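Working notes, structure below.
The values are calculated or read from the model by the stated rules, or taken from the named source; none is laboratory data. Here the structure is a predicted model, which is why all the values come from computation and not from measurement. FYI the Cβ positions are ideal-geometry reconstructions off the backbone, even for glycines, and counts take in every protein chain you see.
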Ligand code: SF4
Ligand code: SF4
Ligand code: SF4
């Protein structure tokens, strides 16, 4: 068993805030994460059977899309999913070797692959499916919150943010200190009612999700279908159809 660190006074709680209202499901975050963390033939994140019938691989960040209904209209909600850097991380406490650990100073959950024995207990413990087993190296891997980027003093300060945040074209991903109530991410969570994913499990994720907003434009009632071949609209559509099918 591995102990979680005691919360030090003034410690930061670094994490992501993801806006489900503006995420368009483009997967740019997932791809840039894979790129930054060394994907590809010689990189740290392997791909298996990538040109075959059952392609698979190790990803730290995956995006799932769901169809739902809101105010009488269908709506697609995209849910990016990576490690949530939980405060009460069971993936840490189940680890028999201390390979899975949480940093006291900023709350980031990491894996020391030098002492990971690949037992997979942590992946069974994580209810978010955020851990991915590297079959090539025989060790567990996960989102690092780009710890090698956010503290890199050789980068301009504006670029010291996770690769997935920097690449998001919809600005749906935000990074910051959730222990500081005045930080941009904390204010976003307060203003937009940011929530925990699967809060009932009680692992107290650091990352928060901003729920989709209700549509602000009134949705008109569905038009009554015109009889086939009737009305000026149908006539125009028939003409257009004929023109386009030539
Ligand atoms: S890059 Fe941004 S918009 Fe695209 S899937 Fe990721 S979070 Fe959503
Ligand atoms: S797979 Fe590695 S990190 Fe996970 S519980 Fe086992 S030893 Fe710890
Ligand atoms: S913070 Fe870094 S490692 Fe984590 S999902 Fe984003 S790009 Fe990947």
**Asked** Out of 62, 131, 81, which single residue is in contact with a helix residue (DSSP H, G or I) (Cβ under 7 Å, 6 or more places away or on another chain), within 16 Å of ligand 1 (Cβ to nearest atom) and modelled with pLDDT of 95 or more?
**Response** 62
**Message:** What's the number of the only condition in (1) in contact (Cβ under 8 Å) with a residue 24 or more places away in the chain; (2) surrounded by fewer than 21 Cβ atoms within 10 Å (Cβ to Cβ) that residue 91 fails to meet?
**Reply:** (2)
**Given (1) part of a loop (DSSP other than H, G, I, E, B); (2) surrounded by 15 or more Cβ atoms within 10 Å (Cβ to Cβ); (3) within 16 Å of ligand 2 (Cβ to nearest atom), number of the condition residue 1 does not satisfy** = (2)
**helices (runs of 4 or more DSSP H) fully within the stretch 116-188 counting 1 or more residues that are in contact (Cβ under 8 Å) with a residue 24 or more places away in the chain and more than 15 Å from ligand 3 (Cβ to nearest atom)** = 121-125
**Complete:** Subset of the stretch 34-59, residues touching a residue at least 40 places away in the same chain (Cβ under 8 Å), touching a strand residue (DSSP E or B) at 6+ places or on another chain (Cβ under 7 Å) and away from ligand 1 (no atom under 16 Å from the Cβ), comes to 45, 46, 48, 58
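Each row is one residue, and each column tells you yes or no for (1) part of a strand (DSSP E or B); (2) buried (at least 16 other Cβ atoms within 10 Å of the Cβ).
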| residue | (1), (2) |
| --- | --- |
| 8 | no, no |
| 17 | yes, yes |
| 24 | no, no |
| 33 | no, yes |
| 69 | yes, no |
**Request:** Report yes if some residue within the stretch 99-107 is under 20 Å from the mean Cα position of the chain (by Cα), assigned to a loop (DSSP other than H, G, I, E, B) and either crowded, with 18+ Cβ neighbours inside 10 Å or touching a residue at least 60 places away in the same chain (Cβ under 8 Å) (or both); otherwise report no.
**Result:** yes
**Message:** If I filter the stretch 72-84 for residues that are within 16 Å of ligand 2 (Cβ to nearest atom), under 21 Å from residue 151 (Cβ atoms) and touching a strand residue (DSSP E or B) at 6+ places or on another chain (Cβ under 7 Å), do I get at least one hit?
**Reply:** yes
